[in-house]
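So the structure is just underneath, and the comments pick up after that.
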Amino acid sequence: MEVCPVDCIEEGKDMFYIDPDICIDCGACEAVCPVEAIYMEDEVPAEENEYIALNRKFFEEK
Ligand code: SF4
């Protein structure tokens, strides 16, 4: 959250979310994530694809 230059990472109940409408794809968060849980959208592993929609839904329901 601290490295994001546009402050678009938010903490949810059970995970962190990235606002896709504000993110500028700079990759700063991906580089520092301690558990390597962040991917550029076109590099998300197939088994984690469901998180793309889950992430967007979080901001649509705000
Ligand atoms: S890739 Fe997006 S979420 Fe990550 S630090 Fe850059 S702007 Fe923020």
Within the stretch 1-17, count every residue that is outside any loop (DSSP other than H, G, I, E, B), farther than 15 Å from Glu61 by Cβ and either in contact (Cβ under 8 Å) with a residue 12 or more places away in the chain or polar (S, T, N, Q) (or both). 2
For the condition of a type in the set (Gly, Ala, Ser) and not in a helix (DSSP H, G or I), what is the one hit in Ala31, Ala37? Ala37
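Evaluate the stretch 21-31: report whether one residue or more is in contact with a Pro (Cβ under 8 Å, 6 or more places away or on another chain), within 15 Å of Cys8 (Cα to Cα), within 16 Å of the ligand (Cβ to nearest atom) and without any contact (Cβ under 8 Å) to a residue 24 or more places away in the chain. Steps first, please.
To start, the set of residues in the stretch 21-31 that are in contact with a Pro (Cβ under 8 Å, 6 or more places away or on another chain) comprises 24, 26, 28.
Filter again for within 15 Å of Cys8 (Cα to Cα), leaving 24, 26, 28.
Going one step further and asking which of them are within 16 Å of the ligand (Cβ to nearest atom), we end up with 24, 26, 28.
Those left that are additionally without any contact (Cβ under 8 Å) to a residue 24 or more places away in the chain: 24, 26.
The answer is yes, given that some residue of the stretch 21-31 is in contact with a Pro (Cβ under 8 Å, 6 or more places away or on another chain), within 15 Å of Cys8 (Cα to Cα), within 16 Å of the ligand (Cβ to nearest atom) and without any contact (Cβ under 8 Å) to a residue 24 or more places away in the chain.
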Would you mention how many residues in the stretch 21-41 are surrounded by 14 or more Cβ atoms within 10 Å (Cβ to Cβ) and within 24 Å of Glu61 (Cβ to Cβ)? 4
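Only the coordinates and a few stated rules stand behind these numbers; no lab work does. Keep in mind the model is a prediction, meaning the values are calculated, not measured. Because the Cβ atoms are built from the backbone with ideal geometry, glycine has one as well, and the counts that use them run over all protein chains shown.
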